[in-house]
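Written out below as structure tokens is the structure these notes cover.
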Amino acid sequence: MYLFKRANDLRAYLNTLGLKNQSLGFVPTMGALHEGHLSLVRQSIQSNAYTVCSIFVNPTQFNERSDLEKYPRTPAKDIELLSKVGCDILFMPGVDEVYPSAQTAMAVPKVALNGLEQRMEGAFRPGHFKGVMQVVKRLIDLINPQKLYLGQKDFQQFLVVRRMVEDLGLPLEVIPCPIFREANGLAMSSRNERLPLELRAKAGLIYKTLCDAQQWMNRYSPEKVSEMALQQLQVEDFKPEYFEIVDSQTLLPLQHFDEAAQVIACTAVWVGDVRLIDNLYLKQAF
Ligand code: AMP
């Protein structure tokens, strides 16, 4: 595996590959890698001639300084894991490489998101999706991949980035990848590392509640199901922020389950001092 810290070196290397008819897959991450991240890298390796993974803890998408400071960082282990799964190229830039001037730091793509960025995560993390679009656009410009792999775990992020790619007419495919979970159902996340063991075990309740919601939808309205879910998540050490049942295309809330072809439940819950998000399709059209 080749490791680059500087954008110029990465570009120079990519140019030597002469990728005319061969595709380049790209997996952006913030590191502290787990099986969920690696599943994206594996998927990219299977479908592309070369795979680039990036590790960059993007300061502009954190709305709280303490969250940025506490974000887990395990670079040596990450390099080992990526090298083991057969990733071709790892890009680990510093902030100055990604945002070399005030201008790049300011450049947030202007995209018609139709409110996608305002609900749920957008409402609780002001400015978060601006930062996400800014960094993903910058990395796409640097790497120029044909395929971009994103996890469904960050479902709203996937929708926002896909809309950005469509709206700007960028020539790449955005590929959603399934959520990897721990044995108790907890969605894998770098943030799980910060949970004390007892809370990590207890956090399986989030996935259990999403699965229960799938049962409840046969008998109750979306509003009632959300209410029941929030109540179930009100246990010691837990503080649910939202449990929303929405149309998975627009993220708009539903009055009835038959209003949308695809319905997804999305939730954010504080467990101790760690904020976790998860989601589950309640209804999916094939
Ligand atoms: P992050 O490092 O948290 O920014 O995540 C990098 C990418 O990995 C994003 O596209 C995430 O959605 C994806 N990802 C994170 N956790 C999981 C998981 N448990 N299963 C699948 N993909 C994930």
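Working only within segment 135-188, note down all residues that are acidic (D, E) and either within 11 Å of the ligand (Cβ to nearest atom) or in contact with a Phe, Trp or Tyr (Cβ under 9 Å, 6 or more places away or on another chain) (or both).
Hits for segment 135-188 are D154, E182.
Conditions tested, residue by residue: (1) away from the ligand (no atom under 14 Å from the Cβ); (2) at negative phi; (3) not in a helix (DSSP H, G or I).
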residue	(1), (2), (3)
V41	no, yes, no
S44	no, yes, no
T51	no, yes, yes
S54	no, yes, yes
P100	yes, yes, yes
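Which condition number does Y207 fail, the rest of (1) of a type outside the set (D, E); (2) more than 16 Å from the ligand (Cβ to nearest atom); (3) in a helix (DSSP H, G or I); (4) within 28 Å of F62 (Cα to Cα) being met?
Result: Y207 passes all but (2).
Residue by residue through segment 254-282, note down the ones that are more than 21 Å from the chain's Cα centre (by Cα) and either surrounded by 14 or more Cβ atoms within 10 Å (Cβ to Cβ) or hydrophobic (A, V, I, L, M, F, W, C) (or both).
L254, F257, A260, A261, G272
What are the pairs with Cβ atoms under 7 angstrom where one residue, in segment 16-32, is modelled with pLDDT of 85 or more and the other, located anywhere, is more than 16 Å from the ligand (Cβ to nearest atom) and of a type in the set (F, W, Y)? Sequence gap at least six, or different chains.
Within 7 Å, the pairs are L17/Y50; L24/Y50.
Checking the conditions here, which among L116, L159, L142 is surrounded by 21 or more Cβ atoms within 10 Å (Cβ to Cβ) and in a helix (DSSP H, G or I)?
None of the other options fit; the residue is L159.
Output the residue which, of all residues in segment 6-34 that are over 28 Å from K77 (Cβ atoms) and either surrounded by fewer than 16 Cβ atoms within 10 Å (Cβ to Cβ) or of a type in the set (K, R) (or both), is nearest to the ligand (Cβ to nearest atom).
The qualifying residue nearest to the ligand (Cβ to nearest atom) is Q22.
Identify all residues within segment 101-133 that are within 30 Å of F4 (Cα to Cα) and either of a type in the set (S, T, Y) or without any contact (Cβ under 8 Å) to a residue 12 or more places away in the chain (or both); write none if there are none.
S101, A102, Q103, T104, M106, K110
Just checking, which of A76, A107, A32 is of a type in the set (G, A, S), out of contact with any strand residue (DSSP E or B) (no Cβ under 7 Å at 6 or more places or on another chain) and over 30 Å from R181 (Cα atoms)?
None of the others qualify; the one that does is A107.
The values are calculated or read from the model by the stated rules, or taken from the named source; none is laboratory data. None of the values given here were measured: they were computed from a predicted structure. Here Cβ is always computed from backbone atoms with ideal geometry, including for glycine, and neighbour counts include all displayed protein chains.
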